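Enquirer: Mind having a look at this structure? Questions to follow.
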Amino acid sequence: MYHLELNGWLKNEFLTWEWWILVVFLVVPWVIWAKLVKRDIILEILLFGTIIILTTTLLDIFGAQYSFWDYPIAFLPFIPRAFPFDFSMIPVAYMLLYQYFRTWKSFILAQLIMALTYAYIGEPFCEWIKLVNYLEWRYRYSFIYYIIVGIVTRALILKLASLSKPQDLTTK
């Protein structure tokens with residue numbers, strides 16, 4: 001079964017122009033992030049991003065399993081098909097918002113702009129070029145998801161930060 005899937009991927013998906021777009025979607029956000037990340041709060045930002053990755057990946061697995069959407073092109077045949085989105089495009093955008101918009105008001109405003117852009121420009125574009133196929137999903141659901149996941153994750157990180165004691169990790 002695996003060999004059939006691998007052969008199908010090699011023949012029909014690997015190195016297609018859509019596959020190369022997935023490569024760009026995976027690599028470019030992390031290159032930008034590496035240049036822009038504030039090193040003094042990198043652990044906090046990475047924790048924020050990790051929670052976004054986990055949440056987004058779980059939602060994507062659920063959505064694909066229950067036929068809300070599917071991804072016709074896989075970056076690699078043995079990882080979730082939404083990998084470039086779940087591990088790069090979405091978390092990097094959120095991490096940059098978290099880094100640059102430190103008040104609730106500015107964060108929510110920036111997040112609204114990101115959610116509008118991703119839900120009503122990015123997702124239709126990805127559907128148009130056949131990177132995703134929405135079956136029982138609407139862009140407005142994505143918009144709401146982007147807002148909720150950002151607010152909940154930021155609230156969780158701020159709560160965790162308030163519970164932890166600052167300490168010098170370099171002396172241990």
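The values are calculated or read from the model by the stated rules, or taken from the named source; none is laboratory data. On a predicted model such as this, the values are computed, not experimentally measured, just so you know. Because the Cβ atoms are built from the backbone with ideal geometry, glycine has one as well, and the counts that use them run over all protein chains shown.
Matching residues to (1) in contact with a Gly (Cβ under 8 Å, 6 or more places away or on another chain); (2) among the small types (G, A, S); (3) in contact (Cβ under 8 Å) with a residue 40 or more places away in the chain:
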position: L4; (1), (2), (3): no, no, no
position: L15; (1), (2), (3): no, no, no
position: L26; (1), (2), (3): no, no, yes
position: A34; (1), (2), (3): no, yes, no
position: F62; (1), (2), (3): no, no, no
position: Y71; (1), (2), (3): no, no, yes
position: L96; (1), (2), (3): no, no, yes
position: F101; (1), (2), (3): no, no, no
position: Q111; (1), (2), (3): yes, no, yes
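Enquirer: Out of all the residues in the range 64-86, which are among the hydrophobic types (A, V, I, L, M, F, W, C), part of a loop (DSSP other than H, G, I, E, B) and in contact with a Lys or Arg (Cβ under 8 Å, 6 or more places away or on another chain)?
Expert: Correct list: I73, A74, F75.
Enquirer: Check whether at least one residue in the range 119-137 is within 24 Å of A161 (Cα to Cα) and of a type in the set (A, V, I, L, M), and report yes or no.
Expert: no
Enquirer: Something else now. What is the one condition in (1) of a type in the set (S, T, N, Q); (2) surrounded by 12 or more Cβ atoms within 10 Å (Cβ to Cβ); (3) over 23 Å from W30 (Cα atoms) that T153 does not satisfy?
Expert: Only one criterion is unmet by T153, namely (3).
Enquirer: Moving to a separate point now. Looking at F62, F107, can you tell me which residue is farther than 24 Å from W20 by Cβ, exposed (fewer than 14 other Cβ atoms within 10 Å of the Cβ) and within 18 Å of the chain's Cα centre (by Cα)?
Expert: Testing whether each residue is farther than 24 Å from W20 by Cβ, exposed (fewer than 14 other Cβ atoms within 10 Å of the Cβ) and within 18 Å of the chain's Cα centre (by Cα) leaves just F62.
Enquirer: State yes or no: is P29 under 27 Å from E127 (Cα atoms) and in a loop (DSSP other than H, G, I, E, B)?
Expert: When the stated conditions are applied, P29 does not pass them.
Enquirer: Condition (residue is in contact with a Phe, Trp or Tyr (Cβ under 9 Å, 6 or more places away or on another chain), closer than 28 Å to F107 by Cα, among the aromatic types (F, W, Y) and at pLDDT 95 or above) applied to the range 65-77: is it met by at least one residue?
Expert: There is no residue in the range 65-77 that is in contact with a Phe, Trp or Tyr (Cβ under 9 Å, 6 or more places away or on another chain), closer than 28 Å to F107 by Cα, among the aromatic types (F, W, Y) and at pLDDT 95 or above.
Enquirer: Assess whether L97 counts as being more than 14 Å from I45 (Cα to Cα) and assigned to a helix (DSSP H, G or I).
Expert: Judged against the criteria, L97 is not a match.
Enquirer: Quick one: which residue in Y134, Y120, Y146 is touching a helix residue (DSSP H, G or I) at 6+ places or on another chain (Cβ under 8 Å), in contact (Cβ under 8 Å) with a residue 12 or more places away in the chain, surrounded by fewer than 17 Cβ atoms within 10 Å (Cβ to Cβ) and of a type in the set (S, T, Y)?
Expert: Numbers: Y134 fails: surrounded by fewer than 17 Cβ atoms within 10 Å (Cβ to Cβ); Y146 fails: surrounded by fewer than 17 Cβ atoms within 10 Å (Cβ to Cβ).
Criteria check complete, one pass: Y120.
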